[in-house]
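None of the figures in this text is laboratory data; all of them are computed from the coordinates on show. The structure displayed is predicted, hence computed values, not measured ones. Cβ sites come from the backbone with ideal geometry, for glycine too, and all protein chains shown count toward neighbours.
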Amino acid sequence: MRPIIGITCFMRETVYGNWHRHAAILPSAYVSMIDGAGGTPLIIPPAGNMTRLLEGIDGLVVSGGPDICPESYGQESEPMTLGCSTEQDGTEMELIKGAMDCDMPILGVCRGMQMLSVMHGGHLHQHLETTPGHEGHGGFDGVSTEHGVAAKEGSLLAGLMGASITVNSTHHQGVADAGELAVTAIAEHDGLIEAVERTDLRFCLGVQWHPERIGHDVLYSGLVEAARG
């Protein structure tokens, strides 16, 4: 059986061929990873309440994308917080809540991990370069760097990838407080939260990096295997 895995996407101005259009887009690496792990990918656009689709999928990937609206975690927008979409935030929050309510396997990637944290009462650093202790955390704005992450013993993440992981960094925001979620990995060089989990659910994991860009296919295969159950 190939479980169906929903993947959230985002809207932006896009160029393809001779056309310049506002489009719903998703990097193809997400699709390739799910397909390679034995799942059937289904892209879900931010178009209002999409929870009806939960009836037809077996797992959910909350992908990376633009900054989350700071109002979602009780802050005002700072100068470097850009591209927020209340519609995307709302669509993803409803999907995540519906998936958690039925214990559907969830993988949150970059923004997806941040969204999981905000939904559990946490909040974000809006720009790491101006956050004491996290200046120079890693690449962002189209630049990618790598650093080490220490995973918590006994966590879902450590079970999949071990205690020491090399990850990529392509984000300018980060989780300051994961709320009710368990913090299961931190950056070795500055202690930034790099992974969170809901330990009462069978597979609910968020990672700050992009596993589909660095060959961490085990995270997607773990999600697909959980979705088979």
Rough spin-label spacing in nm, given labels placed 7 Å along Cα→Cβ, for A47 and E180:
3.2 nm
Neighbour-count order for E135, E194, fewest beta carbons within 10 angstrom listed first
E135, E194
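Highest mean first, what order results for 102-108, 87-93 on Cβ atoms within 10 Å? Don't jump to the answer; show the numbers that get you there.
Working: 102-108: 22.0, 87-93: 19.7.
Final packing ranking: 102-108, 87-93.
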If we sort 139-148, 202-211 on the protection proxy, mean other Cβ atoms within 10 Å, highest first, what's the order?
202-211, 139-148
Using θ = phi - 60° and the Karplus relation 6.51 cos²θ - 1.76 cosθ + 1.60, list the HN-Hα couplings for the stretch 77-94 in order, rounded to whole Hz, with x at every Gly or Pro.
5, 9, x, 8, 8, 9, x, 5, 9, 5, 5, 5, 4, x, 4, 5, 4, 5
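For S85, S77, what ranking results if the residue with the fewest other Cβ atoms within 10 Å of its Cβ goes first?
S77, S85
What length, rounded to one decimal in nm, is gained on full extension from Y16 through to D217, with 0.36 nm per residue of separation minus their alpha-carbon distance?
Details: separation 201, 0.36 × 201 = 72.36 nm, distance 2.81 nm.
Extending this stretch completely gives an extra 69.5 nm.
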Under 5 Å, built H, 5+ apart or other chain: amide partners of I43:
I7
